[in-house]
Amino acid sequence: MDYSTYQDLKIRRLEPGILEIVMGEEGGKLSTATARLHAELAQIWLDVDRDPETRVAILRGAGKGFSAGGDLAMVEQITTDFAARARVWREARDLVYNVINCSKMVVSAMHGPAVGAGLVAGLLADVSIAAKNARIIDGHTRLGVAAGDHAAIGWPLLFGMAKAKDYLLTFEQINGEEAQRIGLVSLCCEEGELQAKALEVARKLAAGAQTALRWTKYSLNNWLRMAGPGFDASLALEFLGFGGPRGKGGHPFHRGWGQAPAPPAPPPRSRLRLGAARTPTGSSARRF
């Protein structure tokens, strides 16, 4: 399989059967999801699935963390450009379903901040590994839009509806140890051990009976597929929000937003007296 067309994702074969996918630059700043990286993250799982030389893919972030979410330019574009909004919506949908439907094993290795599109793939991986210093957060509601990426399809299943609502509605961050404790990730280790641990797991998976592993993955991921309608609704509502009044002003983190909007005024109380009913014309009539 030729991966030379990928520019923002750095792809190399670590050893026979194991492919490494890296977001960002080694020693560089935290990886942000540019328009190109967002598209590549959606596409890469189709290529991995078709690659006869790959049994396992490892996804990790280079530099200061795993992923930093969408960059300001892309977010502002989708708030003002309908065509861009439709394109990014489709990529966000494809990213979730392409990871779920990829027949090859996926291992993620997350350290530092883990946000946005990178986090989608990281938490949908078959074996997700977080360093203790990982800081996982779904900040959609802080942005003023619905939590529409992977959370609706996976979080309630992984650690229950009550905690999923807690973290999504309050946008509290979750560190690596807590993520493992509640069942959001598979494993947790020190950051210095993260890459070695991911490779250890990948080797174990690559050495297994591939048909058995892939069919088991397919069967288990039907739980996620059953949650598909909820995910589709959440993603549609997220992108509807980007076109609304809180989205059109730009990225809330950079605009000083984040305060909850005032709740709608309650409907006026009915003035009907007890025993009175409305007629089709709107006047009151005494019940007998």
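Here Gly230 qualifies as closer than 25 Å to Val106 by Cα, surrounded by fewer than 14 Cβ atoms within 10 Å (Cβ to Cβ) and either touching a helix residue (DSSP H, G or I) at 6+ places or on another chain (Cβ under 7 Å) or modelled with pLDDT under 95 (or both). Assessment of the range 191-214 against the conditions (among the β-branched types (Val, Ile, Thr), out of contact with any Ser or Thr (no Cβ under 9 Å at 6 or more places or on another chain) and surrounded by fewer than 21 Cβ atoms within 10 Å (Cβ to Cβ)) yields at least one matching residue. If only residues of the range 54-85 that are of a type in the set (Gly, Ala, Ser) and surrounded by fewer than 20 Cβ atoms within 10 Å (Cβ to Cβ) are counted, the one that is farthest from Ala206 (Cα to Cα) is Ala83.
Annotation for the range 19-36: no member residue is out of contact with any Asp or Glu (no Cβ under 6 Å at 6 or more places or on another chain), surrounded by fewer than 22 Cβ atoms within 10 Å (Cβ to Cβ), touching a residue at least 40 places away in the same chain (Cβ under 8 Å) and farther than 24 Å from Arg135 by Cα.
A search for C-beta distances below 7 Å between a residue of the range 166-188 that is surrounded by fewer than 21 Cβ atoms within 10 Å (Cβ to Cβ) and at pLDDT below 95 and any residue that is in a loop (DSSP other than H, G, I, E, B) and β-branched (Val, Ile, Thr), counting only pairs 6+ apart in sequence or on different chains, returns Phe171/Ile137; Gln173/Ile137.
For beta carbons closer than 6 Å, sequence separation of 6+ or different chains, a first residue in the range 68-87 that is closer than 17 Å to Leu237 by Cα and a second that is at pLDDT below 90 and charged (D, E, K, R), the qualifying pairs are Thr79/Lys248.
In the list Leu46, Leu95, which residue meets the criterion of being modelled with pLDDT of 95 or more, of a type in the set (A, V, I, L, M, F, W, C), closer than 30 Å to Arg214 by Cβ and surrounded by fewer than 21 Cβ atoms within 10 Å (Cβ to Cβ)? The conditions single out Leu46. Selection over the range 120-165 of residues that are more than 25 Å from Gln43 (Cβ to Cβ), at pLDDT 90 or above and of a type in the set (D, E, K, R) gives a count of 4.
The values are calculated or read from the model by the stated rules, or taken from the named source; none is laboratory data. This structure is a prediction, so every number in the text was calculated from the model and none was measured. For neighbour counting, all protein chains shown are included, and Cβ atoms are generated from backbone atoms with ideal geometry for every residue, glycine included.
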